[in-house]
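Worksheet: one structure, shown below.
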Amino acid sequence: MINSIQTKISAYTPKTGTRNYGAGNLADENYISGKRKKDFGAELQRCNEDVSSVFEKMKTTSKVRVHTSGVKLADSLLMEVKGNLQRMENADFIIQEEQELKGQWSVRDKKTGEIFVIDPRQTSLQEYEGRNYLVSEDSLGVMGIYAAKDTLISSLKEFMNTDKLSVAPISETLEVTINQETGIRVFREKGKNDHYWMLVEDDEQLEKLQKLADVYRESYPTLVQTDEAAFVLAKWEVAGNVARTDHGYMIIAMQQIEFCDENNPDGGWLISYSDEEGILYDKLLKDLQENRQKNMENYDFWKEWLGNSCEVKVLPE
């Protein structure tokens, strides 16, 4: 039985409340809200959810992560601490050590309400093209990435009793793409395209993301009937998993491709393919970007592209 992603999108209902951000947390896709708000912080909080969650859930196998540090001890935040740690609160942040979490640090942005937790033994300050990020890594890969603006860095210095924090180049395990339409940066683990982080870092990017969501709402009124669904699709386009076509849009997920037809919303097609290692998925994402205007709506093209690894399902059954 193949489940349609479009059906999942149509069923989205937003949740409210404070979201806790722990290293490596996957987002609950139902948390996404598409309502326009004057409070940029609340919007930014929901935008920085890990947008790969729905694709992660579609895997047929699960792997247990054994967390051991992947950050060189000399580069970790823990090694930069001077003296005893005390709860720190200023106009921008509250930072404190969580003893019940074995020495991890909780960081709360007072302006946005965002809260995330980092392990200082596995987290370092890294830089990419003039912007700084807190990157948490273990021996199996990256667990979390958080934008580190000047106010956060200065707050960390105050908490850590130090005047300087070392900054390393972005991890070699990461590759960064910048969405041309919104300017949003997407961080992916090399060889693990299903592991990625989309960071909305300012209100200009958020406004452009909302405009992209409006395009989905206006261009596909039959398929996209809620602001929530439009916002999900906009985020997935930025991440590279959705592409608009003349008559609808394509969705690429782990082990699944789906075409959603605006002219025939009960039709369209869906292809399921075998790819436990993610090799085909990686190639699909690249090919989707290179062939945005040709053959995209033709399932015969994709069936031939995938070869013997796929099963085709024309909707409805």
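For Cα pairs less than 8 Å apart in space and 6+ apart in sequence, what is the mean separation divided by the residue count of region 213-278, i.e. the relative contact order in percent?
Working: 85 pairs, mean separation 14.8, N = 66.
Across region 213-278, relative contact order equals 22 percent.
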Stretch ASN90-ASP246 to full length: gain in nm at 0.36 nm per residue minus the Cα-Cα span? 51.1 nm
What FRET efficiency comes out for the pair LYS82/GLU181, r = Cβ-Cβ distance, R0 = 35 Å, nearest 0.05? 0.20
To the nearest 0.05, the calculated FRET efficiency linking THR162 and THR112 through their beta-carbon distance, R0 being 41 Å, is 0.95
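For each of SER124, SER219, count neighbouring Cβ atoms within 10 Å of the residue's Cβ, then give the residues from fewest to most. Working shown, then result.
Details: SER124 25, SER219 14.
By the 10 Å Cβ count, ascending, the order reads SER219, SER124.
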I'd like the Kirkwood hydrodynamic radius of region 156-290, using the inverse of the mean 1/r over distinct C-alpha pairs, in Å. 16.8 Å
Bins of 10 Å, beginning at zero and ending with the bin holding the largest distance: percent of Cα pairs per bin for region 73-178, please. 14, 51, 31, 4
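Read-outs throughout are calculated quantities, based only on the coordinates presented, and are distinct from any laboratory measurement. Every value quoted in this text rests on a predicted model; they were computed, and no experiment measured them. Every residue, glycine among them, receives a Cβ derived from its backbone with ideal geometry; neighbour counts consider all protein chains shown.
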